[in-house]
Amino acid sequence: MRRVKATGRVDWRPGLRKYPYGLAAAPAGALWREDVRYEFSAPQIDLIESVADELHGMIREALRAAVEDKLLSDLGLRGEAARLIDASWNDHWRPGGINERAGCLAGRLTLAYDGRDSLKLLACNYDVAPGLFAAALVQRNWQEAQAPDALQFNGLHEALVERWEELAQGVPGRERLHLACAVPDPMGEGELIYLAATAAEAGVETVLLPLQDVGWADGRFRDQQGEAISWLAKLYPWEALGSDDFVQRLRSAGMGLVEPAWCWAASNHGLLAVLWHLYPGHPNLCRAAFDDSALGPVEAVTVRSLFGLDHAVTRLGEHGRLVAEGGAVAEPGGWLWLETPPTCEQDGVHAVLDAWIVGDKCLGMTVREAPGPLVGPDASVVPHLFR
């Protein structure tokens with residue numbers, strides 16, 4: 001993998017005019033930069049894809065273990081939240097096979113990559129992971145305009161349309177989809193416009209509304225016009241919605257969510273400790289535990305709150321010295337200790353990979369980079385190619 005400085009377009013946004021929703025969704029690409037690119041070989045792309053597919057399957061097994069072995073409390077998930085997750089997972093994981101209609105739209109695996117052969121899972125987010133618009137379309141538009149002779153690992157747009165078709169097919173009430181995020185949030189609203197466009201391309205009627213305008217009347221969640229919401233896609237994390245009052249209403253309201261409640265647990269940072277317990281020594285996992293004594297001696301450690309998704313409180317240490325810290329979350333829910341893996345550092349810049357899962361398959365990736373070792377939610381999204 002090579003980091004290559006490039007001459008980007010003066011303004012990449014006009015290139016999105018070719019898509020009917022392109023300019024309206026453009027704020028979702030606010031972190032996009034194209035003054036550099038990352039170049040991979042075809043075998044490296046094959047490796048990333050196969051590792052992400054395997055990790056996705058392992059995450060599902062870890063979540064099954066967390067539910068069946070009553071480990072949700074270790075993830076800080078208790079009471080009504082745990083009961084809702086248990087019911088949601090049992091709807092998805094049925095004896096004799098998986099109920100894909102109770103699955104989610106997409107997930108994002110963040111990987112540390114040394115640029116050669118070491119890939120380690122840093123985080124998984126199956127609950128409102130931001131960045132799909134930049135990954136699927138802004139990045140593709142860059143490749144078509146700036147590197148038409150190269151290839152890109154990116155089948156995300158077509159996969160999203162197919163996934164909407166799969167989720168909606170044969171399920172009463174899913175002919176119409178409401179999509180909501182908290183406003184004002186230009187990036188979130190742009191992402192919502194893009195997701196609505198992919199659903200509409202799949203033949204699903206879509207309605208956009210602010211999350212604050214979702215109401216409750218006569219035992220149903222309702223939109224601004226008083227229409228009952230049967231199916232909702234939310235760009236808002238479960239952990240911020242999961243009050244007992246909301247959960248109790250949800251269980252009786254007959255409203256389906258594109259991000260089922262099991263996505264709440266599948267996006268909890270503590271799941272990395274469950275993974276390490278199930279697959280100790282796996283080459284694509286970091287040593288992880290719920291306390292430092294169980295982790296054992298390590299040269300570099302990451303301490304992260306269980307809650308917070310991309311904004312989790314995170315502290316990086318080396319040889320007992322604090323190297324970097326960031327994040328902000330009101331309720332940590334507990335802590336994870338993770339052995340910090342080697343990451344790609346070139347030109348004084350650190351990079352991680354985001355591998356995108358749609359349905360049950362890794363179908364694209366993006367590269368995020370930052371000047372320090374903590375590559376957080378404000379990191380730049382930059383393009384990649386391979387030949």
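The values are calculated or read from the model by the stated rules, or taken from the named source; none is laboratory data. Because the structure is predicted, anything quoted here is derived from the model rather than measured. Neighbour counts run over all protein chains shown; Cβ positions are idealised from the backbone, glycine included. Ligands, DNA and RNA are stripped out before the accessible areas are found, and what is left, the full protein with its side chains, is counted by its heavy atoms. Shrake-Rupley method; radii C 1.70, N 1.55, O 1.52, S 1.80 Å.
Here are the numbers for the structure shown:
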{"item": "Leading residue by the ranking (farthest from Gly296 (Cα to Cα)) among those in segment 311-358 that are acidic (Asp, Glu) and outside any strand (DSSP E or B)", "result": "Asp347"}
{"item": "From Arg315, Arg368, Arg321, Arg387, residue being closer than 19 Å to Ala135 by Cα and open to solvent by 40 Å² or more (accessible area, probe 1.4 Å)", "result": "Arg387"}
{"item": "Answer residue from segment 10-32, given it is assigned to a loop (DSSP other than H, G, I, E, B) and surrounded by fewer than 15 Cβ atoms within 10 Å (Cβ to Cβ) and is farthest from the chain's Cα centre (by Cα) among those", "result": "Val10"}
{"item": "Any hit, segment 238-251, residues being under 18 Å from Trp89 (Cβ atoms) and touching a Ser or Thr at 6+ places or on another chain (Cβ under 8 Å)", "result": "yes"}
{"item": "Complete set of residues in segment 186-243 that are aromatic (Phe, Trp, Tyr), outside any loop (DSSP other than H, G, I, E, B) and in contact with a helix residue (DSSP H, G or I) (Cβ under 6 Å, 6 or more places away or on another chain)", "result": "Tyr194, Phe221, Trp238"}
{"item": "Residue that is least open to solvent (accessible area, probe 1.4 Å), among those in segment 287-310 that are under 22 Å from Trp264 (Cβ atoms), out of contact with any helix residue (DSSP H, G or I) (no Cβ under 7 Å at 6 or more places or on another chain) and not in a strand (DSSP E or B)", "result": "Gly308"}
{"item": "Unique residue being closer than 24 Å to Leu353 by Cβ and in contact with a helix residue (DSSP H, G or I) (Cβ under 7 Å, 6 or more places away or on another chain) when the list is Val274, Val313", "result": "Val274"}
{"item": "Looking only at segment 139-166, and only at residues there that are in contact with a helix residue (DSSP H, G or I) (Cβ under 9 Å, 6 or more places away or on another chain), over 15 Å from Lys361 (Cβ atoms) and among the aliphatic types (A, V, I, L, M), the one that is surrounded by the fewest Cβ atoms within 10 Å (Cβ to Cβ)", "result": "Ala145"}
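Rundown of residues vs (1) part of a helix (DSSP H, G or I); (2) over 29 Å from Tyr279 (Cα atoms); (3) in contact with a strand residue (DSSP E or B) (Cβ under 9 Å, 6 or more places away or on another chain), yes/no style:
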| residue | (1), (2), (3) |
| --- | --- |
| Leu77 | no, no, no |
| Ala82 | yes, no, no |
| Ala87 | yes, no, no |
| Arg108 | no, no, yes |
| Pro130 | no, no, yes |
| Phe133 | yes, yes, no |
| Glu158 | yes, yes, yes |
| Val161 | yes, yes, no |
